[in-house]
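See structure below.
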Ligand code: C2E
Ligand code: CA
Ligand code: CA
Ligand code: CA
């Protein structure tokens with residue numbers, strides 16, 4: 001789901017369709033999903049574009065409903081945002097991720113930084129940075145192991161405030177990535193004002209990268225811009241060897257996508273980590 005300011009929660013009331021009973025019952029079910037333990041984090045590998053080695057991962061939320069089965073995030077995240085449930089869910093994600101990182105570390109795994117997706121509502125909370133710090137502290141996780149993925153519209157909404165928050169996150173020692181980069185409506189001028197570490201090139205550009213010159217040109221421009229600003233460039237939605245070759249040529253630093261692996265349950269992903 002895109003968290004564009006235009007159709008994000010803050011404007012939702014305007015264009016909102018009458019809530020269908022299906023929507024309401026799903027919202028009701030989501031409310032109890034947390035308590036019932038129906039949510040889980042799966043982990044997708046991110047590899048170095050240079051040698052294909054695992055260098056990071058992204059934690060992606062999964063909901064298994066007892067009757068409906070697997071409900072994709074693109075269906076329940078928007079609901080969670082509209083209902084405010086994304087706040088307890090977002091806290092659960094950060095806590096569960098930190099707990100998992102601590103467990104892998106205790107097992108002597110070879111650790112890589114893992115990213116959590118942050119929703120606009122979470123980022124806007126005055127206590128957001130404190131809650132991230134608290135999750136790290138609770139599980140005694142080195143901040144360098146945590147990356148937060150934000151979107152352009154989240155930081156563009158109140159640039160001064162976002163810049164301050166990003167400075168605070170940087171001071172904690174974690175990394176910040178801009179997700180779905182290139183799909184927002186923001187000017188690029190803000191990039192230099194923010195303490196960022198990575199740009200994730202949106203899948204929509206990667207998907208077409210070998211079918212026409214336009215998307216290739218866009219990705220080349222994003223990579224050039226990002227590198228000039230000292231940022232790491234991550235491409236997502238990498239599905240084929242052909243895409244890998246093009247993204248390498250264009251200078252992307254790291255790659256994520258089904259070509260390397262889908263998001264997997266923690267126990268399965270742990271096999272990729274090996275022992276330190
Ligand atoms: P996203 O953050 O852009 O995550 C990438 C999505 O692309 C994931 O979908 C992932 O499974 C999918 N993907 C990865 N590689 C490929 C590929 O090679 N090809 C294709 N076609 N797709 C690929 P997923 O897991 O369904 O998540 C969808 C969206 O839901 C995420 O997009 C993110 O915006 C949101 N989301 C997921 N987990 C969380 C969470 O914990 N918190 C919040 N706030 N949002 C989340
Ligand atoms: Ca997204
Ligand atoms: Ca993401
Ligand atoms: Ca993305």
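The values are calculated or read from the model by the stated rules, or taken from the named source; none is laboratory data. Note that this is a predicted model, so its numbers are computed, not measured. In this analysis, Cβ positions are derived from the backbone assuming ideal geometry, glycine residues included, and neighbour counts consider all displayed protein chains.
Under 9 Å by Cβ, and 6 or more places apart or on different chains, what pairs join a residue from region 189-200 that is touching a residue at least 40 places away in the same chain (Cβ under 8 Å) and within 22 Å of residue 146 (Cβ to Cβ) with one that is within 14 Å of ligand 3 (Cβ to nearest atom) and assigned to a loop (DSSP other than H, G, I, E, B)? Final answer for the pair search is 200/236.
Selection of region 115-133 for residues being out of contact with any helix residue (DSSP H, G or I) (no Cβ under 6 Å at 6 or more places or on another chain) and closer than 25 Å to residue 273 by Cβ yields 115, 117, 118, 132.
Residues in region 49-62 that are part of a strand (DSSP E or B) and more than 10 Å from ligand 1 (Cβ to nearest atom) were compared, and the one that is nearest to residue 262 (Cα to Cα) is 57. Among residues of region 255-276 that are at pLDDT below 95, those with a beta-carbon under 8 Å from a residue that is not in a loop (DSSP other than H, G, I, E, B) at least six positions away or on a different chain give the pairs 274/109; 275/109; 276/109. For region 220-236, the count of residues that are within 16 Å of ligand 1 (Cβ to nearest atom), closer than 23 Å to residue 50 by Cβ and at pLDDT below 95 is at least one. When you look at residue 160, is it more than 20 Å from the chain's Cα centre (by Cα), more than 26 Å from residue 120 (Cβ to Cβ) and part of a helix (DSSP H, G or I), yes or no? In short, no.
Is there a residue in region 189-204 that is assigned to a helix (DSSP H, G or I) and within 16 Å of ligand 3 (Cβ to nearest atom)?
Step one: list which residues in region 189-204 are assigned to a helix (DSSP H, G or I), which gives 189-193, 203-204.
So of that shortlist, the ones also within 16 Å of ligand 3 (Cβ to nearest atom) come out as 203-204.
Yes, region 189-204 contains at least one residue that is assigned to a helix (DSSP H, G or I) and within 16 Å of ligand 3 (Cβ to nearest atom).
Within region 163-185, being part of a strand (DSSP E or B) and more than 16 Å from ligand 4 (Cβ to nearest atom) holds for no residue. From the list 166, 146, the one residue that fits, being out of contact with any helix residue (DSSP H, G or I) (no Cβ under 6 Å at 6 or more places or on another chain), away from ligand 2 (no atom under 16 Å from the Cβ) and free of Cβ contacts under 8 Å to residues at least 40 places away in the same chain, is 166. Of all residues in region 123-143, those being more than 16 Å from ligand 1 (Cβ to nearest atom), surrounded by fewer than 16 Cβ atoms within 10 Å (Cβ to Cβ) and within 27 Å of residue 184 (Cβ to Cβ) number 3.
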